[in-house]
Amino acid sequence: MAAPALTAAPATSDLVVSIDSDTLYPPRQQRELVDLLEGGNAESVEFVTLRSIHGHDGFLIEFPQLGPMVDAFVSERAKAV
């Protein structure tokens, strides 16, 4: 069941990126977020997991992996507008 704030929010397209070694926000919690978004007003939700030995800081360090994912996600959404 989605949180009330998610069902009241405008429809969105979302990209959720998890880092396999992140202990601050572990992949399990990111999957829960995806489930909540899918139960809310999300038009689409993409979930990807980066491999990194850097834990939570992986999103800063693994730009060669993350950058193309974000670029592709934003580019696809821009085409739809």
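The values are calculated or read from the model by the stated rules, or taken from the named source; none is laboratory data. Owing to the predicted nature of the structure, the values given are computational and were not obtained by experimental measurement. In this analysis, Cβ positions are derived from the backbone assuming ideal geometry, glycine residues included, and neighbour counts consider all displayed protein chains. Side chains included, ligands, DNA and RNA excluded: accessible areas come from the protein's heavy atoms. Shrake-Rupley method; radii C 1.70, N 1.55, O 1.52, S 1.80 Å.
Among the protein heavy atoms, those of residue 76 account for about 100 Å² of accessible surface (1.4 Å probe, every chain in place).
Relative to the Cα centre, the charge distribution of the chain, modelled as +1 at Lys and Arg Cβ and -1 at Asp and Glu Cβ, gives a dipole magnitude of about 60 debye. For the chain, the share of DSSP beta bridges that are antiparallel, to the nearest 5, is 0%.
With the other protein chains left in place, how much accessible area per residue, in square angstrom, belongs to the chain at a 1.4 angstrom probe?
Solvent-accessible surface per residue comes out at 67 Å².
Couplings 3J(HN,Hα) of the range 67-81, computed from phi: x, x, 5, 5, 4, 5, 4, 5, 4, 4, 5, 5, 5, 6, 7 Hz, in residue order, whole Hz [Karplus 6.51 cos²θ - 1.76 cosθ + 1.60, θ = phi - 60°; x for Gly and Pro].
Roughly how many percent of the accessible protein surface of the range 28-81 is carbon and sulfur, given a 1.4 Å probe and a whole-percent answer? Carbon and sulfur together cover 58 percent of it.
Taking 7 Å steps out from each Cα toward its Cβ at residue 24 and residue 11 produces label points 3.4 nm apart. Estimated at 0.36 nm per residue, the fully extended path between residue 81 and residue 43 surpasses their Cα-Cα distance by 12.3 nm.
Under 5 Å from the amide H of residue 14 lie the amide H atoms of 44, 45, 46, each residue being 5 or more positions distant or on a separate chain, with H modelled from the backbone and absent for Pro and chain starts. Classify the chain: rounded, prolate or oblate, from the alpha-carbon gyration tensor (a ≥ b ≥ c, eigenvalue square roots; a/c under 1.5 rounded; otherwise prolate if a/b is larger than b/c)? Cα axes put the chain in the oblate bin.
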